[in-house]
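Just below is one structure, and these are the notes that go with it.
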Amino acid sequence: MKVMLVSDSAQLKPIIQESFAHHSADVIHYDNPIKAMDNLEEIEPDVVLFGATDFPRHWKPFVAYLRNTFTRRETVFVLLISESFDTTEAEKAEHLQVNAVITDAGNDSQTIQRIRGIATRYYQKLDIRSAARYIPSSSDEIRFLFTNPYTFRIVPGDVIDISSGGLQFKPERSTETENLDSYGIITAAALRVGESVLPVKLKTVRVTDSIAFEFLDLSLDSEQTIGNYLSELIARDREVPRKPAGV
């Protein structure tokens, strides 16, 4: 794991290094945000920790540039702020696809724990679909459909499994998806989880009889909605084992 630290604080690097030791993290520290931005594509960081207090005029152009190359799941961006951080700036952070905003309390164990937890939650470099998957039953309120970007036809079908990172989908008619390619982008799609209907953007990871999709640029609210609903279903199934089909 590569962690890019953009901060004036020289004391923060060894703390971050120790916190991510279990990931064998390489922490690259920059005290110049322009130089850090210039080296983004070369370093390809998995996590960026950016001190907004140190560089209040640089964090917005920095994250905008970052998101032109790396999605919210490819590179985790954590904004370290002070207690005086403007709430309107926090709204801009959400719009710019910042993963999390954390009040920087220096060498504070709770702050470091939060940073590590957020990074671990998002960082799944080997397989974005490796998050805990849920296999829905017909009674679960999980539905998905999308518009084929080549034919502009709506493609219905069944969700085979779903996680906070993506889903596997089997179309009703395989002929509707014959022209889809791996790593293609789907921009017109809707996912129903419980009472919520979420517009989603996806990338095709694998196309066979079924299609493996990765969610792209989910808002934090949408990701939380999906995660909470799946957690409820998983907790329910632990309490009441699901009967096999036909029983």
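The values are calculated or read from the model by the stated rules, or taken from the named source; none is laboratory data. For clarity, every value in this text was computed on a predicted model and none was experimentally measured. Note that we place each Cβ from the backbone using ideal geometry, even for glycine, and neighbour counts take in every protein chain shown.
Taking Leu198, is it surrounded by 13 or more Cβ atoms within 10 Å (Cβ to Cβ), modelled with pLDDT of 85 or more and in a strand (DSSP E or B)? So Leu198 fits the description; yes.
In the range 1-67, counting only strands (runs of 3 or more DSSP E) that sit wholly within it, the ones holding 1 or more residues that are touching a Gly at 6+ places or on another chain (Cβ under 8 Å) and in the same structural domain as Phe77 (by TED's automatic domain parsing) span 2-6. Residue-level analysis places Ser164 among those that are among the polar types (S, T, N, Q), in a loop (DSSP other than H, G, I, E, B) and either at pLDDT below 85 or surrounded by 14 or more Cβ atoms within 10 Å (Cβ to Cβ) (or both).
Is there a residue being at pLDDT 90 or above, surrounded by 17 or more Cβ atoms within 10 Å (Cβ to Cβ) and in a loop (DSSP other than H, G, I, E, B) anywhere in the range 92-101?
As a first pass, look at the range 92-101 and keep what is at pLDDT 90 or above: none.
No, the range 92-101 contains no residue that is at pLDDT 90 or above, surrounded by 17 or more Cβ atoms within 10 Å (Cβ to Cβ) and in a loop (DSSP other than H, G, I, E, B).
Being part of a strand (DSSP E or B), within 16 Å of the chain's Cα centre (by Cα) and either of a type in the set (Asp, Glu) or at positive phi (or both), is that true of even one residue in the range 210-228? Checked against the condition, which is being part of a strand (DSSP E or B), within 16 Å of the chain's Cα centre (by Cα) and either of a type in the set (Asp, Glu) or at positive phi (or both), the range 210-228 yields at least one hit.
Filtering the range 37-62 to residues that are under 24 Å from Leu216 (Cα atoms) and among the aromatic types (Phe, Trp, Tyr) leaves Phe50, Trp59, Phe62. Would you mind telling me which numbered condition in (1) under 25 Å from Leu216 (Cα atoms); (2) among the aromatic types (Phe, Trp, Tyr); (3) touching a residue at least 40 places away in the same chain (Cβ under 8 Å) Tyr65 fails? Status for Tyr65: all satisfied but (3).
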